[in-house]
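The structure under discussion appears below in the form of structure tokens.
The values are calculated or read from the model by the stated rules, or taken from the named source; none is laboratory data. Here the structure is a predicted model, which means the values were calculated and not measured. In this analysis, Cβ positions are derived from the backbone assuming ideal geometry, glycine residues included, and neighbour counts consider all displayed protein chains.
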Amino acid sequence: MKWSELCIHTTNEAIEPISNILHENGASGLVIEEALDLVKEHSSKYGEVYELNPEDYPEEGVYIKAYLPVNSFLGETVEEIKQAINNLMLYDIDLGRNQITLSEVHEEEWATAWKKYYKPVKISKRITITPTWEDYRPVDTDELIIELDPGMAFGTGTHPTTVLSIQALEQFVKSGDKVIDVGSGSGVLSIAAALLGASHVYAYDLDDVAVKSTILNAKLNRLNSRITAKQNNLLDHITVEADLIVSNILAEVIVRFVDSAWNRLISGGYFITSGITQTKKQLVKDRIEQQGFNIIQVNEMEDWIAIVAQKI
């Protein structure tokens, strides 16, 4: 089968919304490449970087590469993607260069090649993420292992927004907690919460592919009895009372359900939000404080922000 590689030169801020657009338009896989992957200091945080070619990476911004089947609708699909990406400017999302190129590849070239970049990575004091095809043994007695099969639809769990979320979960999840994961994606945050002691995690995502991925990865980690994954729009119609809510999505989406998060949390409960760029930090902080939350941590990694707030 022949495939086309759609390469979008954009910004870190635009990764999440553009990735969503690509998935909605039938992309069978995504690869995100940024120059920071080549920097030594970066690799010391996230593990060794494998077989990376500097010529494949932009000097600034990021490349988002999506793979679309070559068919009679390809031209229309590409135009729809371009239009949807351009429309993001209406939401004040910085698209950077916003250069889009199209090239042809063969299925065997990308269907497995991406796996060579994905190795076990320790992302917090206790948690290591490893792909299912790697034979990994814990180094420390208290180390917690998350096995992921991200397929081509989701990240490997080592993006700064995920790392910040898991580091916060490690601090604030208590044994027996009920946790809600809003926008579960691959389910990595749900799995982390369960491993850290949550009695049950309720994982919600609007994308049916994400729900299936969460269910699959929960089973891989033998946590399917403690993780309930369902398709849902944010916290609409959810009645679960939680000790902690975590959400790694866009800042513009976070501010839309702060009131729902407040209503679903017990008194003293924690609200962990990530996926926030530097330019949107104040927007989210203001909305969270306006609701009545007490912000107790603002953590940063590269250009990304995670906020930990408490219902008081």
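Structure data summary
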{"read-out": "Number of positions in segment 191-210 that are touching a residue at least 24 places away in the same chain (Cβ under 8 Å) and more than 18 Å from LEU250 (Cα to Cα)", "value": "13"}
{"read-out": "Selected residue (criterion: farthest from the chain's Cα centre (by Cα)) from residues of segment 223-240 that are part of a loop (DSSP other than H, G, I, E, B) and more than 16 Å from LYS178 (Cα to Cα)", "value": "HIS237"}
{"read-out": "Extreme residue, farthest from LEU206 (Cα to Cα), among residues of segment 253-280 that are charged (D, E, K, R) and surrounded by 17 or more Cβ atoms within 10 Å (Cβ to Cβ)", "value": "LYS280"}
{"read-out": "Residue in segment 134-148 that is at pLDDT below 80 and within 19 Å of ILE18 (Cβ to Cβ) present", "value": "no"}
{"read-out": "Which listed residue, of SER175, SER213, SER184, is in contact with a strand residue (DSSP E or B) (Cβ under 8 Å, 6 or more places away or on another chain) and at negative phi", "value": "SER184"}
{"read-out": "All positions within segment 227-242 that are within 17 Å of LYS311 (Cβ to Cβ) and either in contact with a Phe, Trp or Tyr (Cβ under 8 Å, 6 or more places away or on another chain) or surrounded by 19 or more Cβ atoms within 10 Å (Cβ to Cβ) (or both)", "value": "LEU235, ILE238, VAL240, ALA242"}
{"read-out": "Within segment 281-312, considering residues that are of a type in the set (Val, Ile, Thr) and in contact with a Lys or Arg (Cβ under 8 Å, 6 or more places away or on another chain), the one surrounded by the most Cβ atoms within 10 Å (Cβ to Cβ)", "value": "ILE305"}
